[in-house]
Amino acid sequence: MLFEDESEALTHPYLATVWAKRGADLRVEAPGKATKVAMLGVREALLGELLIHTSATKRSTDFIALLERLDLLYGPGSCVAPVPVVLVLDNGPIHTSKVSTKALVARSSWLSVEWLPKYAPELNAIERDWLHLKGRFLANRVFADAGELDQCIHASVRAINAERVRKPCA
């Protein structure tokens with residue numbers, strides 16, 4: 001079972017818990033205009049492993065690019081033994097567009113979709129991962145540009161996956 005969702009990160013800081021003198025205004029220098037990086041992600045339900053696709057936009061074409069990455073991991077011809085995969089999606093517009101629907105139907109031999117309401121963060125397990133990623137890895141930092149932010153997102157996801165997939169003790 002895979003949980004899919006989208007989020008965004010900004011080059012300007014996401015302020016999490018910080019310390020400041022009582023009564024003092026907290027100021028974080030953030031020169032220039034903030035740019036965003038869209039994150040489309042999938043969380044594997046059993047191990048909690050994350051797969052992230054970053055982009056400048058959150059469009060149906062970006063969702064299809066994520067599906068193509070899933071093809072390589074779980075689809076016919078992948079190195080994994082063929083097993084049915086359930087993809088949990090919300091009813092957001094990028095999932096229900098004509099192009100996305102066509103792409104999902106093309107994968108119906110190995111991928112079935114379970115639909116959530118349009119906005120139901122408490123039902124989608126990857127929502128907690130977005131909070132963890134932003135709060136622990138992206139918070140209180142200013143990134144020079146979208147490229148630096150993109151690199152940080154991918155490095156952070158690798159770190160999260162390494163934490164979750166620990167080797168058992170001998």
Worksheet item: Any idea what the dipole of region 79-170 comes to, in debye rounded to 20, about its Cα centre with Lys/Arg Cβ at +1 and Asp/Glu Cβ at -1?
Response: 200 debye
Discussion item. Given a 10 angstrom Cα cut-off, can you work out which residue in 87, 138, 72 is the most mobile in a GNM of the chain?
Written reply: 72
Worksheet item: Relative contact order for the chain: what is it in percent, counting Cα pairs under 8 Å that are at least 6 residues apart?
Response: 31 percent
Discussion item. Across region 110-170, what fraction of all alpha-carbon pairs, as a whole percent, falls in each successive 10 Å bin from zero upward?
Written reply: 17, 35, 32, 15, 1
Practice prompt. Pull up the cross-link candidates among the lysines for residue 36, meaning alpha carbon to alpha carbon under 27 Å and not fewer than 8 places away within one chain.
Written response: 58, 98, 118, 134
Worksheet item: Looking at region 26-109, which trypsin sites (Lys or Arg not before Pro) are DSSP coil and have at most 11 other C-beta atoms within 10 Å of their C-beta?
Response: 27, 33
Worksheet item: Can you give the angle from 0 to 90° between the axis of helix 146-164 and the longest principal axis of the chain, with both taken from C-alpha atoms, to the nearest 10?
Response: 70 degrees
Response to the item:
So the pair-distance distribution of region 84-145, from every Cα-Cα distance in 5 Å bins, comes to percents of 4, 15, 18, 18, 15, 13, 10, 7, 2
Item to complete: Give the angle, between 0 and 90 degrees and rounded to the nearest 10, that separates the Cα long axis of helix 60-74 from the longest principal axis of the Cα atoms of the chain.
Response: 60 degrees
Item to complete: For region 10-67, give the magnitude of the charge dipole about the Cα centre (Cβ charges: +1 Lys/Arg, -1 Asp/Glu; no others), in debye to the nearest 20.
Response: 300 debye
Discussion item. Given a 10 angstrom Cα cut-off, can you work out which residue in 51, 15, 133 is the most mobile in a GNM of the chain?
Written reply: 15
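About its Cα centre, how strong a charge dipole does region 93-134 have in debye, to the nearest 20, once Lys and Arg get +1 and Asp and Glu get -1 at the Cβ?
I would put it at about 240 debye.
As an exercise, identify the chymotrypsin sites (Phe, Trp or Tyr not before Pro) in region 14-111 lying in DSSP coil whose Cβ has no more than 13 other Cβ atoms within 10 Å. Walk me through the numbers on the way to the answer.
Details: sites: 14, 19, 63, 74, 110; in loops: 19, 110.
When the chymotrypsin sites (Phe, Trp or Tyr not before Pro) of region 14-111 are filtered for loop state and at most 13 Cβ neighbours within 10 Å, 19 remain.
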Worksheet item: How big is the chain on each of its three principal axes, counting only the C-alpha atoms and giving the largest first in Å?
Response: 59, 50, 29
Worksheet item: Among 38, 144, 24, whose mean-square fluctuation peaks in a Gaussian network model of the chain (Cα, cutoff 10 Å)?
Response: 24
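Where a number appears in this text, it was derived from the coordinates with a stated rule and is not lab data. Remember, it's a predicted structure, so these values are computed and weren't measured experimentally. Every residue, glycine among them, receives a Cβ derived from its backbone with ideal geometry; neighbour counts consider all protein chains shown.
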